[in-house]
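J.: Sharing a structure below in structure tokens format, with a few things to ask.
The values are calculated or read from the model by the stated rules, or taken from the named source; none is laboratory data. Only a predicted model underlies this, so the values are computations on that prediction, with no experimental measurement involved. When we count neighbours, we look across all protein chains shown, and the Cβ atoms used for this are built from the backbone with ideal geometry, even at glycine. The area values use the complete protein model at the heavy-atom level, side chains included, leaving out ligands, DNA and RNA. Shrake-Rupley method; radii C 1.70, N 1.55, O 1.52, S 1.80 Å.
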Amino acid sequence: MKNTKRPKWLLILAGLVLHVGVASAQLHVESRVVGKKGEALPLASVYVDGEKNTISNMEGEFAIDVAPADVLRISYVGYKTMRIPASKVGRKVILEADTNSLDEVLVRSSEYYVDKVRSKQRSEFRKWRWERYQFFYRQTTFTDNRCTTFLETFFTGLSSLQVRDLILLTGRYWTVASSLTTNPLNYYTFAQVPVLDNNYNQGEQLVPLVDFYRKYYQVECRGMSVGERDMYMLHFVPRNMGQWSVECDLYVDAETFQLLQYKGVGHRDNVKNTVRGQVHVVPVDYSFEVNYMQDNGFTEVQSVHFDVSFQDFGKKYRTSGLLYNVGERFAPEKKKLGFDNNLLREISQKGYDPTFWRENEIVKRTLVENEVIELVESDNLFGVYGNQK
């Protein structure tokens, strides 16, 4: 007989995550954030207050339940922030890009601005490095254009500057048998993309704000004014493309030198691909975008999106992950996930509560993701490791 008693921690989590139960007085708002040319703006911030907030998905779409009198603040780096009453949100929200070059005021070298950013981030990190928040995570894997893995979880993790020390709270997944020829278990580690060098993560990868960055990177700095904010864009290009590094842009506030956005591509990265019990180390194409916020008084990760793609045994694989900071929550679990943890087995041990997941979409799913959900739920295929169809 199925045990219908839910773990206490899951009931607490269900009560705390964004309080998305819709009361009769609430308004369900669905829209799409785009630029003036109609281009989608993914990962745009949609904020009402400390509990009512979300981000747009990779199609620019978002959904949120609010009171009719609420005002939505919709923002994206490089565009003017829009404030709009919830009752007046239409099918599209068009953000206006308002970027004017400030190059003439950059009388100092690029290294000066990089050093100011490094100093600011190191100072903040020392003070806030142990702040722990909760993250929603969604991952999809496509094999030759067919969706073969879908995964959603809640983690807790340290959030200052870069996500780390993740702890699984609960999750669900679906995967077809053919996808198990790859190893879809540790892709979530790509969401922990580092920007600053710290002792906890001293590996072979050279990140932008590493010590002696002048030796490893060429840096250009450009000033710009976007809406009400002045900012600098620091462009990092590796001197040695054959080394494990990133080519990226850092957007920082011109007054505070706090990070706003970090986006780029990885060089010389790889994943472990398991085929018939044999592990292959496969080179990958890797792109990422990290957005930051200062709502809690320090620079912390708001959202992360990454794409990892590679080819092996005649098949093309692409995995995309989205991580979103949903705030400070209750986190009773203490077991940290390591790089080689079997995430699917960890999720299976938590059990699956379909009601909880119906009430906690958090970030609006794309059309393809919704089709997967409908198929999997109709056939009751979620979350039993080793029994995939």
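J.: What ³J(HN,Hα) values, in whole Hz, does the Karplus curve 6.51 cos²θ - 1.76 cosθ + 1.60 give for segment 88-95 when θ = phi - 60°, with x put for Gly and Pro?
T.: 3J(HN,Hα) across segment 88-95, in whole Hz: 10, 6, x, 5, 9, 10, 9, 9.
J.: Restricting attention to segment 272-321, which trypsin sites (Lys or Arg not before Pro) occupy a DSSP loop and are surrounded by at most 14 other Cβ atoms within 10 Å? Walk me through the intermediate numbers first.
T.: Values: sites: Lys272, Arg276, Lys315, Lys316, Arg318; in loops: Arg276.
Sparse-neighbourhood loop trypsin sites (Lys or Arg not before Pro): Arg276.
J.: How far apart, in nm, are two points set 7 Å out from the Cα along the Cα-to-Cβ line at Arg91 and at Val237?
T.: 4.3 nm
J.: Moving on. Cross-link list Lys92/Lys364; Lys80/Lys263; Lys127/Lys263: which exceed 21 angstrom alpha carbon to alpha carbon? Walk me through the intermediate numbers first.
T.: Working: Lys92/Lys364 15 Å; Lys80/Lys263 19 Å; Lys127/Lys263 25 Å.
From the list (Lys92/Lys364; Lys80/Lys263; Lys127/Lys263), the Cα-Cα distance tops 21 Å for Lys127/Lys263.
J.: Given a 1.4 Å probe, how much area per residue of segment 107-174 is accessible, in Å²? Please report the intermediate quantities before stating the final value.
T.: Values: 2370 Å² over 68 residues.
Using a 1.4 Å probe on heavy atoms only, each residue of segment 107-174 averages 35 Å².
J.: Please list, or write none, the aspartates and glutamates whose alpha carbon is within less than 17 Å of the alpha carbon of Lys37, excluding same-chain residues fewer than 8 places away.
T.: Once the sequence-local aspartates and glutamates are set aside, what remains near Lys37 is Glu59, Glu61, Glu96, Asp98.
J.: Within 10 Å, count the other beta carbons around each residue, average over each peptide in 48-54, 214-220, and list them highest first.
T.: On the way: 48-54: 16.9, 214-220: 14.9.
Highest to lowest by the protection proxy: 48-54, 214-220.
J.: To continue, here is another question. Tell me which residues come under 5 Å, amide H to amide H, from Val271 once H is placed; ignore anything under 5 positions away on its chain.
T.: Those qualifying (amide H under 5 Å, at least 5 residues apart or on another chain) are Val282, Val284.
J.: Now for a separate question. Please sort by residue number the chymotrypsin sites (Phe, Trp or Tyr not before Pro) in segment 62-166 whose DSSP state is loop and whose Cβ has at most 10 other Cβ atoms within 10 Å. Kindly include the intermediate steps, with their values, before the conclusion.
T.: Working: sites: Phe62, Tyr76, Tyr79, Tyr112, Tyr113, Phe125, Trp128, Trp130, Tyr133, Phe135, Phe136, Tyr137, Phe142, Phe150, Phe154, Phe155; in loops: Tyr76, Trp130.
Those satisfying the criteria are Trp130.
J.: Okay, next question. What distance in nm lies between label points placed 7 Å from Cα along the C-beta direction at Arg214 and Arg73?
T.: The modelled label-to-label distance comes out at 3.9 nm.
J.: I want to check the label-to-label distance for Asn342 and Glu111. Put each point 7 Å from Cα in the C-beta direction and report it in nm to one decimal.
T.: So the label points at Asn342 and Glu111 sit 5.1 nm apart.
J.: Excluding residues on the same chain fewer than 8 positions from Lys336, give the aspartates and glutamates whose Cα lies under 12 Å from its Cα.
T.: The qualifying aspartates and glutamates are Asp165, Glu346.
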